[in-house]
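Engineer: Quick one: the structure is below, questions incoming.
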Amino acid sequence: MADQQQPGAPTIGSRRRFLQTLGAGIFTTGVNAVFPLASWALTSPKHIHDGIGDYRPQNYFDLAFRYTPLAINGRTGTSTAINGTVPGPLIRWREGDTVTMDVSNYLPDTKHASIHWHGILVPFRMDGVPGVNFNGIQPGETYRYQFKVVQAGTYWYHSHSRFQEQTGSYGPLVIDPKDGEPFHYDRDHVIVLSDWAFTDPETLFRNINLDPHYYIYYKRTVFDYLHDIRRMGFADANAELLPFRKMNMSPRDLSNVTGYIYTYLMNGHSPDMNWNGRFLPGETVRLRVINASSMSNFDVRIPGLDMEVVMADGKAVQPVRCHEFRIGVAETYDVLIRPREARAHTLFAESLDRSGYARGTLAPEPGMQAPVPPLRPAPDRKLEDIGMGMMKGKYFGGMSDAMKEKLWRKRMQMQDPGIPGPNGPMPFLPDKDNPNVAMVVMNPQDRLAEPGVGLGKDGWKVLTYKDLVSAEPQPYKATVDREMVINVTANMERFIFGLDGKKFTEQPAPYLFRHNERLRLFLVNHTMMEHPMHLHGMWMQLENGGDNEQIPFKHTILIKPGEALSVLITPIEKGDWAFHCHLLYHMEAGMFQVIRVA
């Protein structure tokens with residue numbers, strides 16, 4: 001009967017099957033229920049993973065949400081696992097195939113479940129965002145996703161229902177190209193980075209709403225202040241510090257949820273559990289790195305090995321050699337490594353705020369290990385880092401809108417030619433009494449050539465967005481039909497996040513994109529944190545200095561504090577689509593909006 005089911009409708013008899021299998025732990029993608037980890041990720045220091053070459057593309061998958069025990073470092077919590085494992089099963093498709101996924105919700109006390117196929121171009125009813133393009137999968141029901149796969153590369157999938165992503169509802173997605181890979185490699189490993197907390201996510205969310213610094217233990221102290229005075233002098237130290245105080249912000253507002261409460265995972269393994277992957281000397285090894293975290297951006301490196309970035313967000317780029325790259329939440333990077341010696345290497349993913357790390361070992365034999373680098377100090381943001389350098393020693397709270405616009409125009413047009421377009425983004429002038437906006441950046445910068453806070457001073461090459469040059473054919477025209485600006489805004493002290501000064505619940509209407517238009521979308525970050533902005537249902541092509549044939553495709557862009565950037569978009573599928581920050585608690589706090597393509 002399932003073969004007669006229409007895409008997107010509940011499967012016939014699904015509630016009866018729910019009652020029959022609620023406690024049975026039955027599922028069908030070849031993953032054994034006794035394992036806390038999917039077989040594609042299951043290794044230990046005594047065992048070693050050989051890669052994912054044995055996983056063949058399939059056209060049908062049966063996926064199920066269940067509450068499942070999860071053991072990490074000898075402590076057990078409860079996950080909302082997909083097919084009984086965290087991360088979920090490796091899903092592998094082939095470009096050009098039509099695929100079917102029956103997804104069942106066996107979580108009896110939830111409002112709904114869902115799966116969003118992150119970065120995948122699908123009809124809007126298949127996108128999996130409850131309240132936007134479908135109603136969610138109710139307890140006891142099965143929803144059929146079915147669509148043609150029109151792309152290839154490394155992606156992932158996750159729940160878009162409340163905090164299920166935080167509690168384990170995510171997994172890797174690999175799509176094999178129909179015409180062969182654009183580069184050679186001998187072995188293939190999926191690397192899923194994530195963050196796990198034994199604390200209930202509703203409690204986490206409540207705590208950071210009451211105090212955004214609740215989990216930040218690396219706050220500045222009086223000793224840091226005295227050190228700055230000795231290094232910079234009294235006047236300069238205060239000129240840097242006082243504007244932060246006036247904005248009720250800290251130079252160490254780097255992350256809201258930290259290693260104080262998180263255990264950072266690599267393929268479901270804590271650092272002590274130490275995931276192991278095999279290589280043989282002389283092989284070219286492909287690492288498909290996926291950041292499936294809820295709130296954690298990572299800086300990834302392999303001490304002693306160069307990396308060659310060959311894909312970003314599933315799309316091929318001209319190879320870029322580097323020693324480290326920052327991967328924002330929901331981004332993916334494919335890198336090639338070529339180890340020559342028969343020794344172990346540490347795969348090290350350090351959280352942006354330096355509060356912890358995920359790690360694994362790449363080695364030719366089981367049981368081998370390599371030194372683990374020490375954590376670097378938590379970096380301090382400077383006023384220039386957040387686009388507020390002109391506030392040093394000053395306070396512009398009383399500046400008129402006319403003066404603000406004049407300053408904006410002068411800086412955008414005369415001092416930053418790297419921002420595309422004839423005029424750049426229009427200035428953002430919120431109401432002075434808007435409680436959702438704590439700061440407005442009057443000096444937004446083109447920061448695509450910058451590695452990001454805490455990076456670039458270690459003596460090695462760090463990847464930047466400026467390095468990315470597309471190696472994919474350009475399917476869209478070069479002529480821009482329209483320009484639009486979206487401002488990323490927040491009142492971080494009150495844990496309010498939004499777009500254009502409004503939380504999602506306050507937005508009067510969806511943003512309108514026109515079907516098949518070529519849109520230049522400016523994004524301006526008026527907050528002092530990085531935000532991985534994700535657009536569903538269409539590509540963003542990042543204008544990073546290349547011509548129309550060279551600009552890279554992205555589904556998620558990590559926008560820096562005080563940054564102004566632009567992307568070119570061609571909406572090809574009508575319907576309602578989500579646009580949001582992929583920091584889960586920021587999205588739930590309001591940094592979300594619907595894009596209507598009509």
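The values are calculated or read from the model by the stated rules, or taken from the named source; none is laboratory data. Note that the structure is predicted; figures quoted are calculated from it, not measured. Note that we place each Cβ from the backbone using ideal geometry, even for glycine, and neighbour counts take in every protein chain shown.
Engineer: All but one of (1) part of a loop (DSSP other than H, G, I, E, B); (2) small (G, A, S); (3) modelled with pLDDT of 95 or more hold for G546; state the number of the condition that does not hold.
Structural biologist: Of the numbered conditions (1) part of a loop (DSSP other than H, G, I, E, B); (2) small (G, A, S); (3) modelled with pLDDT of 95 or more, the odd one out for G546 is (3).
Engineer: Further question: Can you spot a residue in the range 50-63 that is buried (at least 19 other Cβ atoms within 10 Å of the Cβ), modelled with pLDDT of 95 or more and touching a strand residue (DSSP E or B) at 6+ places or on another chain (Cβ under 8 Å)?
Structural biologist: The answer is yes; a qualifying residue exists.
Engineer: I would also like to ask the following. Could you give me the residue pairs with C-beta distances under 8 Å whose first residue belongs to the range 139-160 and is within 17 Å of I290 (Cα to Cα), whose second residue is buried (at least 24 other Cβ atoms within 10 Å of the Cβ) and of a type in the set (F, W, Y) wherever it lies, and which are 6+ apart or on separate chains?
Structural biologist: Listed pairs, sorted by first residue: W156/Y170; Y157/Y170; H158/Y170; S159/F65; S159/Y170.
Engineer: Given the conditions (1) surrounded by fewer than 16 Cβ atoms within 10 Å (Cβ to Cβ); (2) of a type outside the set (G, A, S); (3) in contact with a Phe, Trp or Tyr (Cβ under 7 Å, 6 or more places away or on another chain), report the number of the one that D481 does not fulfil.
Structural biologist: With (1) surrounded by fewer than 16 Cβ atoms within 10 Å (Cβ to Cβ); (2) of a type outside the set (G, A, S); (3) in contact with a Phe, Trp or Tyr (Cβ under 7 Å, 6 or more places away or on another chain) applied to D481, the lone miss is (3).
Engineer: Among the residues in the range 367-377, are any outside the structural domain of G153 (by TED's automatic domain parsing) and assigned to a strand (DSSP E or B)? Explain how you work it out, then say what you get.
Structural biologist: To start, the set of residues in the range 367-377 that are outside the structural domain of G153 (by TED's automatic domain parsing) comprises 367-377.
After this cut, where a residue has to be assigned to a strand (DSSP E or B) as well, the list is none.
No: zero hits.
Engineer: Taking the range 311-349 only, how many residues are of a type in the set (D, E, K, R) and either free of Cβ contacts under 8 Å to residues at least 12 places away in the same chain or surrounded by fewer than 24 Cβ atoms within 10 Å (Cβ to Cβ) (or both)?
Structural biologist: Filtering the range 311-349 down to residues of a type in the set (D, E, K, R) leaves 313, 315, 321, 324, 326, 331, 334, 338, 340-341, 343.
Next, from what is left, pick out any that are either free of Cβ contacts under 8 Å to residues at least 12 places away in the same chain or surrounded by fewer than 24 Cβ atoms within 10 Å (Cβ to Cβ) (or both): 315, 321, 324, 338, 340-341, 343.
Here the count works out to 7.
Engineer: Pull out all pairs, ordered by first then second residue, where Cβ-Cβ is under 8 Å, the residues are six or more apart or on different chains, the first lies in the range 443-456 and is under 14 Å from L468 (Cβ atoms) and in contact (Cβ under 8 Å) with a residue 40 or more places away in the chain, and the second is crowded, with 23+ Cβ neighbours inside 10 Å and among the hydroxyl-bearing types (S, T, Y).
Structural biologist: Filtered contacts from the range 443-456: L448/Y465.
Engineer: Still on this structure, please answer the following. From the list G452, G456, exactly one residue is crowded, with 21+ Cβ neighbours inside 10 Å, of a type outside the set (K, R) and in a loop (DSSP other than H, G, I, E, B). Which is it?
Structural biologist: On the way: G456 fails: crowded, with 21+ Cβ neighbours inside 10 Å.
None of the others qualify; the one that does is G452.
Engineer: Here's another thing I want to ask about it. Can you go through V441, V437 and tell me which one is part of a loop (DSSP other than H, G, I, E, B) and modelled with pLDDT of 90 or more? Give the steps one after another, and end with the answer.
Structural biologist: On the way: V441 fails: modelled with pLDDT of 90 or more.
Only one candidate passes the filter, namely V437.
Engineer: Take E549 and decide whether it is in contact with a Leu (Cβ under 9 Å, 6 or more places away or on another chain) and of a type in the set (D, E, K, R). Quick ask: steps written out before the conclusion?
Structural biologist: Details: in contact with a Leu (Cβ under 9 Å, 6 or more places away or on another chain): no; of a type in the set (D, E, K, R): yes.
It is false that E549 is in contact with a Leu (Cβ under 9 Å, 6 or more places away or on another chain) and of a type in the set (D, E, K, R).
Engineer: Just give me the residues in the range 522-543 being buried (at least 24 other Cβ atoms within 10 Å of the Cβ), in a strand (DSSP E or B) and over 17 Å from the mean Cα position of the chain (by Cα), in sequence order.
Structural biologist: V524
Engineer: Mind checking which strands (runs of 3 or more DSSP E) fall wholly inside the range 137-207 and carry at least 3 residues that are within 30 Å of Y260 (Cβ to Cβ) and β-branched (V, I, T)?
Structural biologist: On the way: elements: 142-148, 153-158, 170-176, 187-196.
Hits in the range 137-207: 187-196.
Engineer: A follow-up question, please. Any residue at all in the range 405-412 that is assigned to a loop (DSSP other than H, G, I, E, B), loosely packed, with under 14 Cβ neighbours inside 10 Å and modelled with pLDDT under 90? If you could, list the steps in order and put the result at the bottom.
Structural biologist: Taking the range 405-412 as the starting set, the residues that turn out to be assigned to a loop (DSSP other than H, G, I, E, B) are none.
No, every residue in the range 405-412 fails to be assigned to a loop (DSSP other than H, G, I, E, B), loosely packed, with under 14 Cβ neighbours inside 10 Å and modelled with pLDDT under 90.
Engineer: Report yes if some residue within the range 489-505 is over 15 Å from N436 (Cα atoms) and at pLDDT 95 or above; otherwise report no.
Structural biologist: Here is the first cut: in the range 489-505, the ones over 15 Å from N436 (Cα atoms) are none.
Checked the range 489-505: no residue is over 15 Å from N436 (Cα atoms) and at pLDDT 95 or above.
Engineer: Here's another thing I want to ask about it. Pull up the range 48-73, narrow it to residues that are in a loop (DSSP other than H, G, I, E, B) and β-branched (V, I, T), then point me to the one that is nearest to Q164 (Cα to Cα).
Structural biologist: Filtering the range 48-73 down to residues in a loop (DSSP other than H, G, I, E, B) leaves 48, 50-59, 73.
After this cut, where a residue has to be β-branched (V, I, T) as well, the list is 48, 52.
Working: I48: 30, I52: 26 Å.
The extreme case among them is I52.
Engineer: Given the structure, is R75 over 25 Å from the mean Cα position of the chain (by Cα) and farther than 20 Å from Y155 by Cβ? Walk me through it before giving the result.
Structural biologist: Working: over 25 Å from the mean Cα position of the chain (by Cα): yes; farther than 20 Å from Y155 by Cβ: yes.
Judged against the criteria, R75 is a match.
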